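See below for the structure under consideration.
The values are calculated or read from the model by the stated rules, or taken from the named source; none is laboratory data. Since the model is a prediction, treat every value here as computed from it, not as a measurement. Because the Cβ atoms are built from the backbone with ideal geometry, glycine has one as well, and the counts that use them run over all protein chains shown.
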Ligand SMILES: Cc1cc2nc3c(=O)[nH]c(=O)nc-3n(C[C@H](O)[C@H](O)[C@H](O)COP(=O)(O)OP(=O)(O)OC[C@H]3O[C@@H](n4cnc5c(N)ncnc54)[C@H](O)[C@@H]3O)c2cc1C
């Protein structure tokens, strides 16, 4: 395994770090001020709009996309250190047009979209003009097993008619969110994994209704947010089907590998930021006549955090390397491992940072409480820990026993 930064990544990393130093960190307060002083919080603060133009003009744009004609053409190993830096500030990835869920949706359109679908939706997404959402999870069924989903996509002449209720449709609160990829069932009688399809639904289609926006442990996540969305006899042309009826699972598998590892890369950045906050607070706060930084328990926490972050980063890099060299399918155990390990590690580091800030850590005077809430959510989104652990264990059993689940005994 070679994790040496390529000359291109070196250059891009230096540019992104300089960009963050010059434009992002100094504007964190301004971002909050603009968000809160606008007519509505459901509107992108001007600072992000301005910085998107600067990033694009500097060539820091669509870095996630492995296609060198439409994106930067980086491998996963090359992209990982860049994505980590962007993850340090929650609104930074969008500046580089590298934010979820758009990156995953763009990859779906790139891999599986027709020429027309790409012209209509991929192009403006790549240009950062619109945003998108992915609607799979439903309140009525256990959606961590996506074969449970009930949303109906029924063909009627030249159209599909969609009926269902989704929730946690991230990005729906943003007025620039113009397109959703909706997963539903086209044929409930087909075999288990051929029932589902994914279809493109413009957000302004008649019958689409945002019932409410869901908070993440009290945070509204404006301007993007997470919607509970009703589909009431929503009609779209049959040309909006992606890849073909019954191929929803196939698309979901293709989408989730890169999407998951990108979340992990970003959360390493979150953990690094939390450790920085921990150290700087420890170096300035005195209790009972001694700096917190001089106390053994603080040093223990700092040391453990450094160990944990570095271990996790290596696992991210290993998963990225395996994706690059063996393909996403072959790397699925590593992707599942890092999807469990990275948020767990980051939550521990964030919790240590919060503790050292005392009561201040619970407020929004520091970004720590927000980091905690959002990193906690990561143990659920893109599949809860238990589902990933199940997959890791099954692959391990298969490797060790050969042919699992047929052969169940270890003896
Ligand atoms: C902030 C946030 C953003 C999200 N964004 C999106 C989005 O953009 N689009 C979208 O479609 N969804 C999104 N989700 C939804 C997320 O993907 C689901 O919540 C997740 O997949 C779990 O599905 P569920 O909520 O239906 O839980 P359920 O399926 O009801 O599962 C509940 C719990 O059961 C346990 N469990 C499940 N399976 C097993 C198992 N095999 N073994 C043991 N225990 C198990 C786990 O503890 C799990 O948390 C988002 C969620 C959050 C919190």
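Checked against the criterion of being closer than 30 Å to residue 362 by Cα, in contact with a strand residue (DSSP E or B) (Cβ under 8 Å, 6 or more places away or on another chain) and not assigned by TED's automatic domain parsing to the domain that holds residue 190, the candidates 271, 282, 293 yield just one match: 282.
The single condition among (1) within 23 Å of residue 366 (Cβ to Cβ); (2) within 21 Å of the chain's Cα centre (by Cα); (3) not in a helix (DSSP H, G or I) that residue 60 does not satisfy is (1). Restricting 302, 307 to those that are in a helix (DSSP H, G or I) and within 14 Å of residue 353 (Cβ to Cβ) reduces the list to 302. In the condition set (1) surrounded by fewer than 16 Cβ atoms within 10 Å (Cβ to Cβ); (2) part of a helix (DSSP H, G or I); (3) within 16 Å of the ligand (Cβ to nearest atom), residue 336 is compliant with all but (1).
Within the range 254-273, the set of residues being touching a helix residue (DSSP H, G or I) at 6+ places or on another chain (Cβ under 7 Å), surrounded by fewer than 24 Cβ atoms within 10 Å (Cβ to Cβ), modelled with pLDDT of 95 or more and within 23 Å of residue 326 (Cβ to Cβ) is empty.
Scanning the range 146-159 for residues that are in contact with a helix residue (DSSP H, G or I) (Cβ under 8 Å, 6 or more places away or on another chain) and either without any contact (Cβ under 8 Å) to a residue 24 or more places away in the chain or farther than 22 Å from residue 378 by Cβ (or both) turns up 147, 155, 158, 159. Each residue in the range 130-144 was checked for being out of contact with any helix residue (DSSP H, G or I) (no Cβ under 8 Å at 6 or more places or on another chain) and surrounded by fewer than 17 Cβ atoms within 10 Å (Cβ to Cβ), and 2 of them qualify. Among the residues in the range 317-326, are any out of contact with any helix residue (DSSP H, G or I) (no Cβ under 7 Å at 6 or more places or on another chain), over 15 Å from residue 263 (Cα atoms), away from the ligand (no atom under 16 Å from the Cβ) and free of Cβ contacts under 8 Å to residues at least 12 places away in the same chain? Yes, because at least one residue in the range 317-326 is out of contact with any helix residue (DSSP H, G or I) (no Cβ under 7 Å at 6 or more places or on another chain), over 15 Å from residue 263 (Cα atoms), away from the ligand (no atom under 16 Å from the Cβ) and free of Cβ contacts under 8 Å to residues at least 12 places away in the same chain. Taking the options 139, 175, 124, name whichever one is under 24 Å from the mean Cα position of the chain (by Cα), in a loop (DSSP other than H, G, I, E, B) and away from the ligand (no atom under 15 Å from the Cβ). Of 139, 175, 124, the one residue that is under 24 Å from the mean Cα position of the chain (by Cα), in a loop (DSSP other than H, G, I, E, B) and away from the ligand (no atom under 15 Å from the Cβ) is 175. Give the residue that is nearest to residue 247 (Cα to Cα), with candidates limited to residues of the range 145-170 that are surrounded by fewer than 16 Cβ atoms within 10 Å (Cβ to Cβ) and within 15 Å of the ligand (Cβ to nearest atom). Per the stated criteria, the residue is 147.
Which pairs have Cβ atoms under 7 Å, sit 6 or more apart or on different chains, and link a residue in the range 368-389 that is closer than 15 Å to residue 87 by Cβ to one that is within 8 Å of the ligand (Cβ to nearest atom) and not in a loop (DSSP other than H, G, I, E, B)? Note: pairs meeting the criteria are 374/216; 377/216.
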